[in-house]
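For reference, the structure discussed in these notes is given below.
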Amino acid sequence: MMTTVSLANAQRKISFELSFKEPQAHYVEVRMELSGFKEKYLDLKMPVWAPGSYLVREFPKNVESFSAESESKKGLASHKIDKNTWRVETDNENRVIVNYRVYAFEISVRTSFIDASHAFLSPTGIFMYVNDLIKQPVEVRVKPYEGWTKISTGLEAVEGKANTFYASDFDILFDSPIEVGNQNIFGFEAAGVKHEVAMVGEGNYDEEQLKRDMTRIIEDETKVFGVNPNKRYVFIVHNYASGGGGLEHLNSTVLGASRFNYQNPNGYLNFLGLVAHEYFHVWNIKRLRPEALGPFNYNKENYTTNLWVSEGFTAYYDNLILRRGGFYNEAAYLKVLAADIEAVENRGGNLVQPLSLSSFDAWIRQYRPDENSINTMVSYYNKGALIGMLIDLKTLHATQGAKGLDDVMKAMYDEYYQSLDRGFTDQEFKQMVEKVSGVSIDDIYEYVNEAKPINYNKYLNNVGLELVNLLADHSIPEFGVRVSNHKIMSVNRGSGAWDAGINVNDELIAVNGYRMDDMGKELDRILSNAKIGDKVHVIVSRDGIIKELDVILSASLKADYLIRPLATVTPEQSKLREIWLSLESD
C-alpha cells in the first residue's frame, strides 16, 4: 500500500543530464529537471562534504552559471540563501529546468576531476537535491564527450535508456561515483558477487593476477560476516605517476595507485592492502556504522567518537586479511604490526590526544595537519587498528580460542544492520564485545578514552609473543627536528631544539661551525659523534634574520620495535597464536 509521502514522491520527478562541452577546461555541464512539485519556490542544496572523508570541503565553491527556467523557457528568478543553497522562485510551475556548471580539477579519491582524457565525478560535489527530499528517486543520464566510450558506476542502469542510471534516493546517488572515459574494464565473480574493475590510465598490472588476488581478499572478508550484501561491485582505480588512497562507497570504491608499481613486490602488497581496506568497508561503516554516520546531514559535520572502530578496525583487518590469504608470511605480518606500533608510540601526540577525541576532531584535524600535529594528534587509523588487535587477542584468550574479533564484528553486523538497521552507540559496541568475550574490556577502553601508553605485552603474551624495543638499552642523542632542504619542518615537543626555541620554517645554515648540506648528512655526522647533554651551536635564518642558538641534546625517546616469540611458550599460547595467525585455508 502506497503512503501519502511515497505517492507524492512518485508524482514528483527529478532527473539530471551531464555533458562535457569543455573537458579540457575541467567543466561538467549539469542539467537538472524537476517536475510535479508546484511550489512557490524550491531550495536546491549541494552537500559540503563527502561521506567517508571527514572534512567540510565546500563543494559549492566550484558551481557557476546557475540559472533556472520553466518548461516554456520562461526565466525563473534564483538567488543563494546560504553557502550551499540556491532558492528558485518556481511560482507553482509544474516543470522546472536548472542549469549549472561545475569546475573539477582536484586529483583525489574524494573530489571530481575532469580533463580531455576522462571525467571522474564524485557525486556530492556534482548533484543538488531539493531541501528535505533526500529520499526522492532520481535518474542520471550521462552524455560522454566525443571519443569517450565507457561509463563505470555502481548505479543501476535503466533498461531501454542508453547511458542512463537510477538511484532510489539521493543517499544512494551521493554514494555512487561515476567514471566516464576509455578506462580498461575487466570483471570477475567472487563470493557470489559480480565485480568490475575500471582501470583509468595505463599501468603494469596483470589482470589475471589481480582477479585471483582480489577474489581471495573478497572471499576471506566475506567469511568474517557470513554474507556479502551486494549483487554487483565496482572498483574505480586511478593510475597516476604517484597515487594512493581510497574512498569507500556502498557498492563501489575509488582507489589511487601508482601506475608502474604493480610489479614491485612491496608496491603490489600496498595496493592489495588498499583493496582489502576499502572492501572491508562494505560491512564496516557502509552498513555497520556508528549512530552519527547515517542518515547523513550533508550540510555540516557529523560527529562521532567511534571512527577508531569504523576506520581503525578496518585498518587492522586489511593487513590481517593479507596474512590469512597468504600474501604475508607470519614473520612479515608481525613486522608490519610492529611498524604500526612504532607509528603510534613514536608520535608525541599519542600521549596528548585520546583516541576517541581523535575521531571526534577528525573534521578539524585529521585532514588539516600542520607543523605541530606530530606533537598533538594520534591517528584513529593506526591506533584504532591496535585497539582492534588488543580486543582480538583478549577475546581469543578469554574464550580459549573459540571466539575472536571476527565474532564481535559479525554479531554487531547481524544485530545493528541486519536486525535493527540503525547505527550503534559506543556503549552498545562495548557491551557486544563483552558479551562475545565474556569478560570486561574496561582495561582496553582506558586506551580509547585516555592518552596513555599501551601495555602491549599484556595481550601479546596471551599468544606467546612479546614486543621488545631494540633501542631500550641504547642512549641516543636527539636534536629533535625534521629537516627538508635546510628548512625546519617540525620540532619534537620536549627535545633540545624545542627547548632552545628552534622554529618551524627556520633555515638551518650551520651546526658547530659546519654548513649544512641539502640531504642533512652533515647534521647526521655531528649527531653520530655526540652524547646526550652535549651542546651544539646552531645558526639559522628566520625571516631573513640570522640567529644563533645553543641546543642541548636530549635523549631520544624513539623506539625500534620487534615482535618475537617468548623464551618459553606454553601449549595454550601456541594454540592461540596458531588460531590468530593461521592461513584461511588451514
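The values are calculated or read from the model by the stated rules, or taken from the named source; none is laboratory data. None of the values given here were measured: they were computed from a predicted structure. Note that we place each Cβ from the backbone using ideal geometry, even for glycine, and neighbour counts take in every protein chain shown. What goes into the accessible areas is simple: the full protein's heavy atoms, side chains included, and nothing from ligands, DNA or RNA. Shrake-Rupley method; radii C 1.70, N 1.55, O 1.52, S 1.80 Å.
Consider only pairs whose beta carbons are under 9 Å apart and that are at least six residues apart or on different chains; among these, list those whose first residue lies in the stretch 264-285 and is under 11 Å from Leu322 (Cβ atoms) and whose second residue is at pLDDT below 95 and in a helix (DSSP H, G or I).
none
Please find, within the stretch 228-250, the residue that is nearest to Tyr413 (Cα to Cα) out of those that are open to solvent by 30 Å² or more (accessible area, probe 1.4 Å) and touching a residue at least 24 places away in the same chain (Cβ under 8 Å).
Pro229
Check off (1) part of a strand (DSSP E or B); (2) open to solvent by less than 60 Å² (accessible area, probe 1.4 Å); (3) free of Cβ contacts under 8 Å to residues at least 60 places away in the same chain for Ile81 and give me the number that stays unchecked.
For Ile81, the failing item is (2).
Quick check, is Asn99 over 27 Å from Ala362 (Cβ atoms) and open to solvent by 60 Å² or more (accessible area, probe 1.4 Å)?
No; evaluated as a whole, the condition is false for this residue.
Just the residues that are under 24 Å from Leu557 (Cβ atoms) and either touching a Phe, Trp or Tyr at 6+ places or on another chain (Cβ under 7 Å) or open to solvent by 50 Å² or more (accessible area, probe 1.4 Å) (or both), please, taken from the stretch 506-517.
Correct list: Asn512 only.
Output yes when any residue across the stretch 132-139 is outside any helix (DSSP H, G or I), on the phi > 0 side of the Ramachandran plot and touching a residue at least 12 places away in the same chain (Cβ under 8 Å), and no when none is.
no
A quick yes/no check of all residues on (1) in contact with a Leu (Cβ under 8 Å, 6 or more places away or on another chain); (2) in a loop (DSSP other than H, G, I, E, B); (3) modelled with pLDDT of 95 or more:
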{"residue": "Asn350", "(1), (2), (3)": "no, no, yes"}
{"residue": "Gln353", "(1), (2), (3)": "no, yes, yes"}
{"residue": "Ser358", "(1), (2), (3)": "yes, no, yes"}
{"residue": "Asp361", "(1), (2), (3)": "no, no, yes"}
{"residue": "Tyr367", "(1), (2), (3)": "yes, yes, no"}
{"residue": "Asn375", "(1), (2), (3)": "no, no, yes"}
{"residue": "Ser379", "(1), (2), (3)": "no, yes, yes"}
{"residue": "Gly384", "(1), (2), (3)": "yes, no, yes"}
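From the set of residues in the stretch 538-586 that are acidic (Asp, Glu), in contact with a helix residue (DSSP H, G or I) (Cβ under 8 Å, 6 or more places away or on another chain) and within 30 Å of Asp524 (Cβ to Cβ), which is surrounded by the fewest Cβ atoms within 10 Å (Cβ to Cβ)?
Among those residues, the one meeting the criterion is Asp550.
Can you tell me which residue in the stretch 105-119 is most open to solvent (accessible area, probe 1.4 Å), limited to those that are in a loop (DSSP other than H, G, I, E, B) and under 15 Å from Ile178 (Cβ atoms)?
Looking at residues that are in a loop (DSSP other than H, G, I, E, B) and under 15 Å from Ile178 (Cβ atoms), I get Arg110.
So, Gly520, is that one under 38 Å from the mean Cα position of the chain (by Cα) and either open to solvent by less than 50 Å² (accessible area, probe 1.4 Å) or not aliphatic (A, V, I, L, M) (or both) or not?
yes
Scan the stretch 38-83 for residues that are closer than 24 Å to Leu307 by Cβ and of a type outside the set (D, E, K, R) and report the count.
Within the stretch 38-83, residues that are closer than 24 Å to Leu307 by Cβ and of a type outside the set (D, E, K, R) number 11.
Pairs under 9 Å by beta carbon, first residue more than 16 Å from Asn512 (Cβ to Cβ) and among the polar types (S, T, N, Q) in the stretch 526-547, partner at pLDDT 95 or above and surrounded by 15 or more Cβ atoms within 10 Å (Cβ to Cβ), six or more apart or different chains?
Note: pairs meeting the criteria are Ser541/Asp506; Ser541/Glu507; Ser541/Leu508; Ser541/Ile509; Ser541/Lys547.
Give the residues of the stretch 509-522 that are out of contact with any strand residue (DSSP E or B) (no Cβ under 6 Å at 6 or more places or on another chain) and touching a residue at least 12 places away in the same chain (Cβ under 8 Å), sorted by residue number.
Gly513, Tyr514, Asp518
Conditions: (1) closer than 25 Å to Val282 by Cβ; (2) surrounded by fewer than 20 Cβ atoms within 10 Å (Cβ to Cβ); (3) touching a strand residue (DSSP E or B) at 6+ places or on another chain (Cβ under 8 Å). Asn131 meets all but one. Number of the miss?
(1)
Going residue by residue through the stretch 460-476, is there one that turns out to be of a type in the set (Ser, Thr, Tyr) and touching a Leu at 6+ places or on another chain (Cβ under 7 Å)?
Checking the stretch 460-476: not a single residue is of a type in the set (Ser, Thr, Tyr) and touching a Leu at 6+ places or on another chain (Cβ under 7 Å).
Any residue at all in the stretch 269-280 that's assigned to a helix (DSSP H, G or I) and either of a type in the set (Asp, Glu) or in contact with a His (Cβ under 9 Å, 6 or more places away or on another chain) (or both)?
yes
Go through (1) open to solvent by less than 30 Å² (accessible area, probe 1.4 Å); (2) touching a Phe, Trp or Tyr at 6+ places or on another chain (Cβ under 7 Å); (3) in a loop (DSSP other than H, G, I, E, B) and name the single condition Tyr303 misses.
Failing condition for Tyr303: (1).
If Met389 satisfies every condition in (1) open to solvent by less than 60 Å² (accessible area, probe 1.4 Å); (2) on the phi > 0 side of the Ramachandran plot but one, which is the exception?
(2)
Within the stretch 142-190, can you find the residues that are assigned to a strand (DSSP E or B), open to solvent by 20 Å² or more (accessible area, probe 1.4 Å) and within 21 Å of Gly201 (Cβ to Cβ)?
Lys150, Ile151, Asn184, Ile185, Gly187, Phe188
Can you go through Ile545, Ile476 and tell me which one is hydrophobic (A, V, I, L, M, F, W, C) and either touching a strand residue (DSSP E or B) at 6+ places or on another chain (Cβ under 8 Å) or modelled with pLDDT under 95 (or both)?
Ile476
Residues checked against (1) modelled with pLDDT under 95; (2) in a helix (DSSP H, G or I); (3) open to solvent by 10 Å² or more (accessible area, probe 1.4 Å); (4) closer than 18 Å to Asn84 by Cα:
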residue	(1), (2), (3), (4)
Ser15	no, no, yes, no
Lys21	no, no, yes, no
Gln24	no, yes, yes, no
Val30	no, no, no, yes
Glu33	no, no, yes, no
Glu39	yes, no, yes, no
Asp43	no, no, yes, yes
Pro47	no, no, no, yes
Leu55	no, no, yes, yes
